[in-house]
Amino acid sequence: GAGSVANTPEAGDVEYLAPVTIGGQTVNMDFDSGSSDLWVFNTQLSLNTLSGHMAYNPAQSSTFQLLPGSTFSISYGDGSGAAGNVGTDTVNIGGATVTGQAIELATDVSTSFVTDTQSTGLIGLAFSKLNTVKPVQQKTFFDNALATLPEPVFTADLRHNAAGTYEFGAIDSTKFSGPLAWTPVNTTSGFWQFTSQAFAVGGGAPSTSVPGGQAIADTGTTLMLADQSVVDGYYSQVQGAVNNATVGGVTFPCSATLPDLQIDVGGTMATVRGDDINFAPVDQTGTTCFGGLQATTVQPQIYGDIFFKSNFVAFNGGNNSLGVAPH
Ligand SMILES: O=C(CN1CCCCC1)Nc1ccc2c(c1)OCO2
């Protein structure tokens, strides 16, 4: 059946966590449409590493089974990572249930995960070809659930400083306004990748083509990482915006009024609210603010939580497409 869980933003909308029940144990996890491993803090880790975290205890689960000789090792674009061994267990997310789901048990996690005590790990929702388990690659929760879901979809409803929803198997049309604009997804890279070739600022004239012209929908990335041409075009319309090498990106006066950004999603222009592009102050006085739109030199572009706060997104694993609508 379908499943629906509330998600909760950590302070500053840095990441969005939602409850996952693994072998009867409910833990809060980071749902990440930009990766394809489900890994958890667990009782193999040292007490220092576990301090402040919830942890999955496979010994307490009657349905856990070790996958002898299986290991995983994952590293993310921000340089963080985790590694360990692997078993299977029953996973239930708001009623959507998968038996025999690969549960990757970290025996090593990088610092940013240790300090992020609200997160018990990640649930990857990109395509299974990116899964890092060896010697036999494993499937994501969504991939395993596809055949049994009423509809082959999951949806992300992320909000600024407020609870939202992750839903599996149904599209709740009360969560967005107007029709969903559907775009085909290119699954070659293993991401939810689509064409994004133009942008406009504050309702101005659309740009011409953006180099590379590809983007991925990534709930696991906090910001919106776009081509330099988009970043330059947008912040040229923000008084006092500067590239601030000290803090590592574009900042502007917190008092600035930020224009909306219109961005191409498979031929339809989606809007990112200017308010959401004012991400956070970088100083104690709240004078200088850090932009939610930043440049990436790698391709594809990465449309993270800044994009999702203005747009409800449906991920269709039946026909490999994305549906986007304002919310
Ligand atoms: O690494 C991530 C997302 N990642 C998801 C798992 C938790 C830790 C953060 N995003 C990211 C951050 C910076 C990047 C990048 C991707 O690609 C280039 O620079």
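The table for this structure:
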quantity: Two-site label geometry, Gln60 and Ala11: point separation in nm, points 7 Å out along Cα→Cβ; calculated: 2.7
quantity: ³J(HN,Hα), Karplus 6.51/-1.76/1.60, whole Hz, each residue of region 66-82, x for Gly, Pro; calculated: 5, 9, x, x, 8, 9, 9, 7, 10, 10, 9, x, 8, x, 7, x, 8
quantity: Amide H partners (placed H, <5 Å) of Gly292, local residues excluded; calculated: Asn278, Phe279
quantity: Highest-first arrangement of 96-106, 39-49, where packing means the average Cβ count within 10 Å; calculated: 96-106, 39-49
quantity: Where Glu15, Glu151 fall by accessible area, highest first, once all protein chains stay in place (1.4 Å); calculated: Glu151, Glu15
quantity: For region 103-181, average projected area of the Cα convex hull in nm²; calculated: 7.8
quantity: Whole-percent carbon and sulfur share, accessible surface of the chain, 1.4 Å; calculated: 51
quantity: Residue-wise HN-Hα coupling along region 291-308, computed from phi with Karplus coefficients 6.51, -1.76, 1.60 (Hz; x: Gly, Pro); calculated: x, x, 9, 9, 8, 10, 8, 7, 10, x, 5, 10, 8, x, 4, 4, 5, 5
quantity: Principal axis dimensions, largest first and in whole angstrom, of the chain by Cα; calculated: 59, 43, 34
quantity: Inverse mean reciprocal Cα-Cα distance (Kirkwood Rh) of region 87-230, Å; calculated: 18.1
quantity: Kirkwood hydrodynamic radius over Cα pairs of region 244-306, then Stokes diffusion coefficient at 25 °C and 0.890 mPa s, in µm²/s; calculated: 191
quantity: Length-normalised contact order of the chain in % [C-alpha pairs under 8 Å, at least 6 apart]; calculated: 19
quantity: Heavy atoms of His160: accessible area, 1.4 Å probe, square angstrom to 10; calculated: 120
quantity: Solvent-accessible heavy-atom area per residue, rounded to whole Å², over the chain at 1.4 Å; calculated: 40
quantity: Equivalent ellipsoid, region 8-64 (semi-axes from 5 times Cα gyration tensor eigenvalues, Å); calculated: 21, 15, 11
quantity: Viscosity 1.306 mPa s, temperature 10 °C, Stokes-Einstein D of region 172-306 from Kirkwood C-alpha radius, µm²/s; calculated: 103
quantity: All-pairs alpha carbon distance profile, region 1-142, 5 Å steps from 0, percent; calculated: 2, 11, 21, 26, 23, 13, 4, 1, 0
quantity: Mean ellipticity per residue at 222 nm, deg cm²/dmol - from DSSP H runs of n ≥ 4 across the chain, formula -39500 (n - 2.57); calculated: -2000 deg cm²/dmol
quantity: Intensity falloff of region 175-233 expressed as log10 I(q)/I(0), Debye formula with alpha-carbon point scatterers, at q = 0.15, 0.17 Å⁻¹; calculated: -0.58, -0.74
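The values are calculated or read from the model by the stated rules, or taken from the named source; none is laboratory data. Since we're looking at a predicted model, the values are computed, not measured. Reconstructed Cβ throughout: ideal geometry from the backbone, glycine too, with neighbour counts over all protein chains shown. Ligands, DNA and RNA are excluded from the accessible area calculation, which covers all protein heavy atoms including side chains. Shrake-Rupley method; radii C 1.70, N 1.55, O 1.52, S 1.80 Å.
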